[in-house]
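**Q** My structure is below; once you've seen it, I'll send some questions.
All of the numbers you see were taken from the coordinates with simple rules; none came from a lab. Quantities reported herein were computed from a predicted structural model and do not represent experimental measurements. As a convention, Cβ positions derive from the backbone with ideal geometry for all residues, glycine included, and neighbour counts pool all protein chains shown.
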Amino acid sequence: MIEWNNNGESSQVNGSIGRGRVDVFYNGEWGTICDDGWDLNDAKVVCRQLGYDYAVRALLGDNVLHGSGRIWLDEVRCVGNENNISSCSHSGWGSHNCTHDEDAGIQCSVINSVRLRGPESSIGKGRVEVFYNGEWGTICDRGWNINDAKVVCRQLGYDYYFRALLGGNVPYGSGRIWLDGVRCVGNESNITSCSHREWGLHYCTHYEDAGVQCSVINSVRLRGPESSIGKGRVEVFYNGEWGTICDDGWDINDAKVVCRQLGYDYYFRALLGGNVPRGSGRIWLDDVQCVGNESNISSCSHREWGLHNCRHYQDAGVQCSGSKERS
């Protein structure tokens, strides 16, 4: 519940994420607002008053939890630049012709949100879109580089950036193009904190939409025909690429760590090269030595990344058992 006081009047939204029924405080009592004529301009005022940067939409009675008790305002008409909802035109405190089935609500957001769009967006790859002035829009790829990708991936919650994607490598967007000429140092916390042209000022089309590919660093996975049931070749993700682990010294302590990292609650055994399908490409780790209580295989003692003296017929694997935790 969010609330504030201003000249003896207050407002609140009955929702912890900026969405819900709007209540106003008057004459010592909280009460609701009728949704007659309730629109985005009204929502803008309430969201601003609550400290949000932006109003996503106005919610009518069917889309909010119905209130009870007082109904304080009806026929609210805001221009949109007012500082307080009670400064907008309305029918007078307590004067209304509605019931709580018509309670008004809002959905607010923090401005400059960022998201990925495209068929692989759920795994950290896609077109970058930013939210501004109530609308999602794309970014031009002019000068788009790894420093920009760093910022976006960090802002999305990934701990590792892989690469910046230019227009030909992301699904084309539509509608608004919000940013052009983005130039990040790489340590910014928000893509909109980077240098860029004015919002909406651009010299590109959606064929030049910018994108990113992000990843969680040092991810681990199993590969092979039985990988879905916890048995297979172990691969780790580093520097934008999956690779295998050599089986030199590979033992049950190493298997413990991998199985725990994969979400299994019991380790079964460590598998050496002859017992797992051979991989290809990168070999990332060799001479891995885990104590067994590490939370990540890359936290165990090992040679430097990419330094090894083995072949893929020596790829390490695991067989895990028990219930796999669900996220």
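**Q** Lone cysteines in the chain, defined as no other cysteine's Cβ under 4.7 Å from theirs: which are they?
**A** Cys with no partner Cβ under 4.7 Å: none.
**Q** Quick one: which residues, 5 or more positions from D248 or on another chain, have an amide H under 5 Å from its amide H? H modelled 1.01 Å from N in the peptide plane, none for Pro or chain starts.
**A** For D248, whose amide H was placed from the backbone, the distant partners under 5 Å are D287.
**Q** If you don't mind, another one. Near the amide H of V318, under 5 Å away, which other amide H atoms are found, from residues 5 or more places off or on another chain, if H is placed in the peptide plane?
**A** G232, V234, L271
**Q** Follow-up question, since we're still on this one. So which chymotrypsin sites (Phe, Trp or Tyr not before Pro) in the range 237-319 are both in a DSSP loop and have at most 16 other Cβ atoms within 10 Å of their Cβ?
**A** Counting only loop positions with at most 16 other Cβ atoms within 10 Å, the chymotrypsin sites (Phe, Trp or Tyr not before Pro) in the range 237-319 are W305.
**Q** E241 label point, 7 Å along Cα→Cβ, cut-off 19 Å on backbone N: hits in the range 277-314?
**A** Backbone N within reach: 278-287, 298, 303-314.
**Q** Step through the residues of the range 257-265 one at a time and calculate ³J(HN,Hα) from phi using the Karplus curve (6.51 cos²θ - 1.76 cosθ + 1.60, θ = phi - 60°), rounding each to whole Hz and writing x for Gly and Pro.
**A** 5, 5, 4, 5, 5, 7, x, 7, 9
**Q** Can you run phi through the Karplus equation (6.51, -1.76, 1.60; θ = phi - 60°) for the range 270-275 and list ³J(HN,Hα) in whole Hz, with x for Gly and Pro?
**A** Once θ is set to phi - 60°, the couplings for the range 270-275 become 8, 10, 8, x, x, 10 Hz.
**Q** How large is the helix-only mean residue ellipticity at 222 nm for the chain, computed as the sum of -39500 (n - 2.57) over DSSP H runs with n ≥ 4, divided by its residue count, in deg cm²/dmol to the nearest 500? All intermediate terms of the calculation are to be shown ahead of the outcome.
**A** Values: 3 runs with 31 residues, N = 327.
That comes out to -3000 deg cm²/dmol.
**Q** Using alpha carbons only, how many degrees (0 to 90, rounded to 10) separate the axis of helix 146-155 from the longest principal axis of the chain?
**A** Approximately 60 degrees, to the nearest ten.
**Q** I would also like to ask the following. Multiply the residue gap between N296 and H312 by 0.36 nm, knock off their C-alpha separation, and tell me the result in nm, one decimal place.
**A** 3.5 nm
**Q** Let me ask something else about it. Quick one: how many lysine pairs does the chain have with C-alpha atoms less than 20 Å apart and a gap of 8 or more or different chains? Give me the count, please.
**A** On the way: K125/K150; K231/K256; K231/K324; K256/K324.
For the chain, the number of qualifying lysine pairs is 4.
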